[in-house]
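The values are calculated or read from the model by the stated rules, or taken from the named source; none is laboratory data. Note that this is a predicted model, so its numbers are computed, not measured. With ideal geometry, Cβ positions are generated from the backbone for all residues, glycine too; neighbour counts draw on all protein chains shown. Only protein heavy atoms, including side chains, enter the accessible area calculation; ligands, DNA and RNA are left aside. Shrake-Rupley method; radii C 1.70, N 1.55, O 1.52, S 1.80 Å.
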Amino acid sequence: MSAMHEPNEQQIKEEKLYRQMGMTDEEFGRVEDILGRLPNYTETGLFSALWSEHCSYKSSKPILRNFPTEGERVLQGPGEGAGIVDIGDNQAAVFKMESHNSPSAIEPFIGAATGAGGVLRDVFSMGARPVALVNSLRFGDLTDARDRFLFEEAVAGIASYGNGIGIPTIAGEVQFDNCYSKRPLVNAMAVGLLNHEDIQKGVAAGVGNTVIYAGATTGRDGIHGATMSSAEVTVEEEAELPVMQGGDPFLEKLVMDACLELAKSDALIGMQDMGAAGLSSASAEMASSAGYGIEMNMNLVPQRESGMTAYEMMLSESQERMLIVVKKGREQEVIDLFAKYGVEAVAIGKVTDDKMLRLVHHGEVVAEVPADALAEDAPVYHKKSEEPSYFKEFQSMEMTEPVVADLKGTLVDLLKRPTIASKEWAYSQFDSHARRNTVVAPGSSAGVIRVDGTNKGLAMTSDCNSRYVYLDPETGGKIAVAEAARNLVCSGAEPIAVTDCLNFGSPDKPEVFWQFERSAAGISDACRTLNAPVISGNVSLSNEVNGVPVYPTPTIGMVGLVHDLSHVTTTSFKNAGDLIYVIGEATQDFGGSELQQMLEGDISGQAPAIDLDVEATRQQALLAAIQNDLVESATDLSEGGFAVALCEKAFDAEGLGADVTIAGSAVTALFSETQSRFLVTVKEENAKAFEAAVQDAVKIGNVTETNRVVIRGEQDTVLIDETVEELRSAWKGAIECLLNSEA
Amino acid sequence: MKFAILVFPGSGCDVDMYHAINEVLGAEAEYVWHDEAELAGFDAVMVPGGASYGNYLRPGALAKGSPALEQLKAFAASGKPVLGVGNGFQILTEANVLPGAFLLNKGLKFRSGKVKLTVQNTESIFTESYEKDQQILIPFAHQYGNYYVDEETLEELKENNRIAFTYTNGSVDGSTGHIAGVLNEQGNVLGIMPLPERAVEEIIGGTDGLPLFKSILKRWSENNVSHA
């Protein structure tokens, strides 16, 4: 559509055309009040995009305010491209997690790829070199052909981008549940490193300074992506969705290398990725956060297609684009810097002192609105929250132990559950060792990367068991944080900060908003107790298919500091003869468990209880023991419980097995998902020191060289006795087997 | 000894190579940007892995059009060592410096991990620090790792001891003759698909790749002592 054919101000109001852009009548009225006149088509587009849930957090803000965001390590909390934490020696870790759920539901390869691309730009726009990627994925259980397609393509898309740009994917998780059927969650996290003096921010300051556009040209792709991602997708509507933006990791690498070189230059004032809502959000946010205005000549924006309107250019979500503000007079030097990398950079505007975002096209002002109004003055909604009826019902249910006749058969079946089974099919497609610093690759509790040139490391993980969150959002939120911290501790790292990706259904449903509110409260509690503040994050609402929301899934991305690489510990058994200890006792916790889902085809009852003080005490004790070199291997107990965790310790330990004796009722001892539990192995000579350090640890047996997993119960009964080979083959081949099924 | 690391747009594993040579091997390496290449002053050229030109068209196909390739061919013809790893190997086959071509992995997907190789030739500049038939564990990461040569070339490679490394347990990706690394006729150019520069430190990927770089350095030192 050419600008001539755009509806005029009156038509927009009278025909309520703003509604098609996702704006409500009240919001449109508010825009009218702010401007003191009716907005034109371009201006309406700007407001609708910047005031979308995705950009403005208008429904989630009141909840997000309660997260603990400060701590002695925090250098930059939420609000910038990514959060920053101090890791000592004048270095800092920079990280952020983002969702790309809606695009991945439609075009999974492109959607997942551009998700990785976007979050990488968030990190390098802060001046940090990205060093690792983590992904957190949720799909239907692979019995449906569409879900298999979505999973295969999303994994290939992530691989194409991460491998193409040459940044290793070192950790991640995949959960399979039919609540995600046709509505997958694709969350990507990027972690970068910088020296303190190189921190950059997205600010457009200094009157007369120059606004430079760098990177890919602007096309008509992804227009109104931000609005779309805040809307529910019904399968029938897919055909009407806007053209998706494609990704180009090759160009991104060039843009990244150029931006990182620019970050060292004193010509730079600020830079920001053109992410959701593209040029609109980048320009409005940079101007607003610096307290200035920006004027841009839209004719100068590099364009991929002819006849583009200002509206289209401002709302395009073409990928691999950066908005940069440089000192007046230094433009050519910056343009030359980009040219060296083969990247186009063009001066398109200047910083002004009138705090307006002003767009000029063909010599005429086509939009003129206060930058603050776009970036800061979106309405804030206090959505209605209501406890869903299922919650009371589940809470009042008496938890009983499931009846299991065949213990070994049940263990094998659990190992084949895709959520528990080996994810090698997925992570073998990711180059996990690029840039030669990967100490622990995917497959252990957390990924660990060496901090270049030091003997320190960063451990990273992402976690969320959404079944627990559904049954009891507050408890589930706590568990998500605790589990992430457990995974870091088991890897020898001190948890230092959190990024999150809060994936929920429609906030207009009071029950969904209640889930959001309660799980955020649980997350806040756990972050405080475990001393891991939230430094960045993302909210993805309206994840529903045909009106049914996915389970509430507040994914927690956590980064830990490995003070000395000799502390790095992995899941696998190390030496025959080592002692096996379990930390924490099993109680009957089957609500939301993998066993319950497997036996009953659904979940119900209470989520496992968690006592955060017990959690913190155990984590601190175990970490200290690991740092004192008392521990050979460590893993936490999660989905599937004790028996699954014990097997996982044997799977990558060539020739080793286990012989253990456990107390209490067999089904509970083997399969319950009681929280705050760990399995560790210790050399015999360290047993005394370890027992003194970790008071809750109970010795249960030995690592053997028999290549069998033997679990004995009370009174000399043998509960499970099977070769590692047999168990491993069930676990290892399960996902590929499901993908190859024809059903 | 001075190593050049020839960098194309998109060559991501240049840093891996730089680290292996400068910080672990203890020799001197320099990045050389492809269109400013002046290779004459160097003692060896490394063509690193990654995704030059985004692997558009075909991996290595666009890099072969770079002005650096003429220089590289001249450098190779002079008898000095040239090593291409991963995408660097693909570039060398595309430029006909090494025989063969790369197809999509048999399983069609990108694959990454560690793989066992058998050292077949221990007489070359690149392999003399290994034992004959030694098995080594080397990281790999590729989508076009399916090396193809025709029957006739395969026989010729075998006869002339030009197969430097094979996949010990067969090639999952489909490579002809399970070839993982191949030498040119003169023996001064090696292409290897797995990534030895990522296996030079115990804590990162093991040290099985280090003897390859030590071999290059050793031969250079011997030659330069004898010339002195």
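Looking only at region B:189-206, decide whether some residue is under 14 Å from the mean Cα position of the chain (by Cα) and over 21 Å from B:Asn87 (Cβ atoms).
no
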Among the residues of region A:336-354, write down those that are open to solvent by 40 Å² or more (accessible area, probe 1.4 Å), more than 14 Å from A:Leu254 (Cβ to Cβ) and not charged (D, E, K, R).
-> none
Kindly indicate whether any position in region B:96-109 is closer than 19 Å to B:Asn169 by Cα and open to solvent by 20 Å² or more (accessible area, probe 1.4 Å).
-> yes
What number of residues in region A:286-340 are among the aliphatic types (A, V, I, L, M) and in a helix (DSSP H, G or I)?
-> 13
Residue that is surrounded by the most Cβ atoms within 10 Å (Cβ to Cβ), among those in region A:38-73 that are farther than 23 Å from A:Met356 by Cα and touching a strand residue (DSSP E or B) at 6+ places or on another chain (Cβ under 6 Å) = A:Ser60
By my count, strands (runs of 3 or more DSSP E) wholly in region A:690-743 with at least 1 residues that are without any contact (Cβ under 8 Å) to a residue 24 or more places away in the chain and among the hydrophobic types (A, V, I, L, M, F, W, C) are A:718-723
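Residue-wise test of (1) away from chain A (no Cβ under 14 Å); (2) touching a Phe, Trp or Tyr at 6+ places or on another chain (Cβ under 8 Å); (3) modelled with pLDDT of 95 or more; (4) in a loop (DSSP other than H, G, I, E, B).
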position	(1), (2), (3), (4)
B:Glu152	yes, no, yes, no
B:Thr166	yes, no, yes, no
B:Asn169	yes, no, yes, yes
B:Pro194	no, yes, yes, yes
B:Phe213	no, no, yes, no
Go through region B:167-176 and count every residue that is without any contact (Cβ under 8 Å) to a residue 60 or more places away in the chain and surrounded by fewer than 19 Cβ atoms within 10 Å (Cβ to Cβ).
-> 3
Within region A:293-320, residues being open to solvent by 10 Å² or more (accessible area, probe 1.4 Å) and touching a helix residue (DSSP H, G or I) at 6+ places or on another chain (Cβ under 8 Å) number 4
Condition met for B:Gly49 (under 18 Å from A:Gly342 (Cβ atoms) and within 12 Å of chain A (Cβ to nearest Cβ)) = no
Return the only residue of B:Gly54, B:Gly10 being open to solvent by less than 10 Å² (accessible area, probe 1.4 Å) and facing chain A (nearest Cβ under 10 Å).
-> B:Gly10
Any helices (runs of 4 or more DSSP H) falling wholly within region A:30-124 and containing at least 1 residues that are within 17 Å of the chain's Cα centre (by Cα) and within 27 Å of A:Met256 (Cβ to Cβ) | A:53-56, A:101-106, A:108-124
For region A:576-603, how many residues are in a loop (DSSP other than H, G, I, E, B) and open to solvent by 20 Å² or more (accessible area, probe 1.4 Å)?
-> 9
Out of (1) farther than 15 Å from B:Glu201 by Cα; (2) within 14 Å of chain A (Cβ to nearest Cβ); (3) modelled with pLDDT of 95 or more, the odd one out for B:Val32 is which?
-> (2)
Which members of region A:530-544 meet the condition of being over 13 Å from A:Ala480 (Cα atoms) and either in the same structural domain as A:Asp611 (by TED's automatic domain parsing) or crowded, with 19+ Cβ neighbours inside 10 Å (or both)?
-> A:Pro533, A:Val534, A:Ile535, A:Ser536, A:Gly537, A:Asn538, A:Val539, A:Ser540, A:Leu541, A:Ser542, A:Asn543, A:Glu544
Can you find a residue in region A:163-181 that is under 30 Å from A:Val545 (Cβ atoms), assigned to a loop (DSSP other than H, G, I, E, B) and out of contact with any helix residue (DSSP H, G or I) (no Cβ under 6 Å at 6 or more places or on another chain)?
-> yes
A:Leu561 fails exactly one of (1) crowded, with 24+ Cβ neighbours inside 10 Å; (2) part of a strand (DSSP E or B), namely (1)
From B:Ser78, B:Ser124, which residue is more than 14 Å from every other protein chain (Cβ to nearest Cβ) and touching a residue at least 12 places away in the same chain (Cβ under 8 Å)?
-> B:Ser124
Look through region B:136-148, keep the residues that are open to solvent by 10 Å² or more (accessible area, probe 1.4 Å) and closer than 23 Å to B:Arg58 by Cβ, and return whichever of them is nearest to the other protein chains (Cβ to nearest Cβ).
-> B:Ala141
For region A:129-141, indicate whether the set of residues that are open to solvent by 20 Å² or more (accessible area, probe 1.4 Å) and more than 14 Å from chain B (Cβ to nearest Cβ) is non-empty.
-> yes
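Restricting attention to region A:341-361, and to residues there that are part of a loop (DSSP other than H, G, I, E, B) and of a type outside the set (D, E, K, R), which single residue is farthest from the other protein chains (Cβ to nearest Cβ)?
Going residue by residue through region A:341-361, those that are part of a loop (DSSP other than H, G, I, E, B) are A:341-344, A:353-355.
Now drop any that are not of a type outside the set (D, E, K, R), which leaves A:341-343.
Values: A:Tyr341: 7, A:Gly342: 6, A:Val343: 10 Å.
Filtering region A:341-361 for residues that are part of a loop (DSSP other than H, G, I, E, B) and of a type outside the set (D, E, K, R), the one farthest from the other protein chains (Cβ to nearest Cβ) comes out as A:Val343.
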